[in-house]
Amino acid sequence: MNTGIYEEIKRLKKETSTVILAHTYQNPEIIDIADITGDSFALAKKALAAGAKRVIMCGVRFMAESVKILSPDTEVILPVPEATCPMAEMISPERVREYKKNNPDAIVVAYINTTAALKAECDVCVTSSSALKIVSQLDAPEILFIPDKNLGSFVQEKFPDKNIVVWDGYCPVHAQITEDDIIKAKKEHPDALLAVHPECNKDVVKHSHMAGSTAEIIDFALSSAKPVIIGTEKGVADYLIPNNPDKTFYYLCPEKLVCRDMKLTTPETVLKALKGESGEEIILDRALSEKAKHSIDEMLRLG
Ligand code: 13P
Ligand code: SF4
């Protein structure tokens, strides 16, 4: 990275008491300027713990909204307003309301990768790492899982006795991986273990040695005595490989596993956001935010 920008960002962060959060899928030059890195919900929790007055969220919109829901008095800025997660909007809040009207005894479970407006309509949120534990405790004639069909069917398969209806959304990045991609990767690296994100489809997940969130994949890779194929967005392997020269990690389809929305954030956009020249401050309606927080609080209570 241009050291001039790096120095200016460092100086402005200090002068404006701004904390920079970056999801692990961000490019290495963003990870380098971040104060806190991690997976989506961990960032929101860490921002709350840091008591930051102002944060810049290098990620996508639902992640910035999660920070705002947990820390309503913090100024939360998304440096690139167009950075959104397509999956987070694959069901509308109106559709959830209609479903609840027709199924008043059902429980609606929302993956954390959803908009604040969707979280506000649901009963409980889950992360990819807490989904199984939380759903195991739910008792209802029907459970609607939104929006990810892959994480949803991963959960559904574990609880055949529960009536789980899975919405048809998907992550356009992880869902591109095919079983053939996995067979090829395993042939190329027969000594390696395979870790994947549960947003991959089930024909992919069934070949894995572990399926979990960004943080769980990182923990698995770091504690593995064997090489690991990193079956999630390329940024995770970009982070693991140079930081662990004593270990062997392989990319899985790096040409496919790139989230374009995540990569929209650059040091230049962060600098402009720090100067107040661009970016969008996340403003949430108080009542909506409180309803969304209720779903997150339920997740924390059950998880
Ligand atoms: P994590 O919560 O595992 O970081 O997932 C974020 C994401 O966007 C996965 O595609
Ligand atoms: Fe959304 Fe998939 Fe990108 Fe994650 S990787 S932000 S789920 S599109």
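The values are calculated or read from the model by the stated rules, or taken from the named source; none is laboratory data. Small disclaimer: the values here were computed from a predicted structure and weren't measured. A quick note on method: Cβ atoms are made from the backbone with ideal geometry, for glycine too, and the neighbour counts reach across all protein chains shown.
Overview of values
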| read-out | value |
| --- | --- |
| Output for segment 279-293, where each listed residue is crowded, with 16+ Cβ neighbours inside 10 Å and either within 13 Å of residue 81 (Cα to Cα) or free of Cβ contacts under 8 Å to residues at least 12 places away in the same chain (or both) | 279, 280, 282 |
| Residue tally, condition over 16 Å from residue 80 (Cβ atoms) and either away from ligand 2 (no atom under 16 Å from the Cβ) or among the acidic types (Asp, Glu) (or both), over segment 37-62 | 11 |
| Flag if residue 20 is free of Cβ contacts under 8 Å to residues at least 24 places away in the same chain, more than 16 Å from ligand 2 (Cβ to nearest atom) and of a type in the set (A, V, I, L, M, F, W, C) | no |
| Segment 166-188, residues that are assigned to a helix (DSSP H, G or I) and under 15 Å from the mean Cα position of the chain (by Cα) | 174, 175 |
| Residues that are near ligand 1 (Cβ under 9 Å from one of its atoms), surrounded by 23 or more Cβ atoms within 10 Å (Cβ to Cβ) and not polar (S, T, N, Q), drawn from segment 40-61 | 41, 43, 59, 60 |
| Selected residue (criterion: nearest to residue 301 (Cα to Cα)) from residues of segment 70-129 that are charged (D, E, K, R) and in contact with a His (Cβ under 9 Å, 6 or more places away or on another chain) | 123 |
| All positions within segment 252-268 that are part of a loop (DSSP other than H, G, I, E, B), more than 12 Å from ligand 1 (Cβ to nearest atom) and not charged (D, E, K, R) | 252, 253, 254, 265, 266 |
| Flag if residue 62 is assigned to a helix (DSSP H, G or I) and at pLDDT 95 or above | yes |
| Members of segment 258-278 that are in contact with a Cys (Cβ under 7 Å, 6 or more places away or on another chain) and surrounded by fewer than 21 Cβ atoms within 10 Å (Cβ to Cβ) | 261 |
| Candidate set from segment 215-251 (those that are within 14 Å of ligand 1 (Cβ to nearest atom), in contact (Cβ under 8 Å) with a residue 40 or more places away in the chain and outside any helix (DSSP H, G or I)); member that is surrounded by the fewest Cβ atoms within 10 Å (Cβ to Cβ) | 233 |
| Meets criteria (surrounded by 19 or more Cβ atoms within 10 Å (Cβ to Cβ), away from ligand 1 (no atom under 16 Å from the Cβ), closer than 25 Å to residue 86 by Cα and touching a residue at least 40 places away in the same chain (Cβ under 8 Å)) for residue 151 | no |
| Considering residues of segment 156-179 that are touching a residue at least 24 places away in the same chain (Cβ under 8 Å) and surrounded by fewer than 13 Cβ atoms within 10 Å (Cβ to Cβ) only, the residue farthest from residue 211 (Cα to Cα) | 168 |
| Selection status of residue 119, charged (D, E, K, R), farther than 19 Å from residue 266 by Cα and buried (at least 21 other Cβ atoms within 10 Å of the Cβ) | yes |
| Sole exception among (1) in a helix (DSSP H, G or I); (2) more than 15 Å from ligand 1 (Cβ to nearest atom); (3) among the hydrophobic types (A, V, I, L, M, F, W, C); (4) within 18 Å of residue 263 (Cα to Cα) for residue 20, by number | (1) |
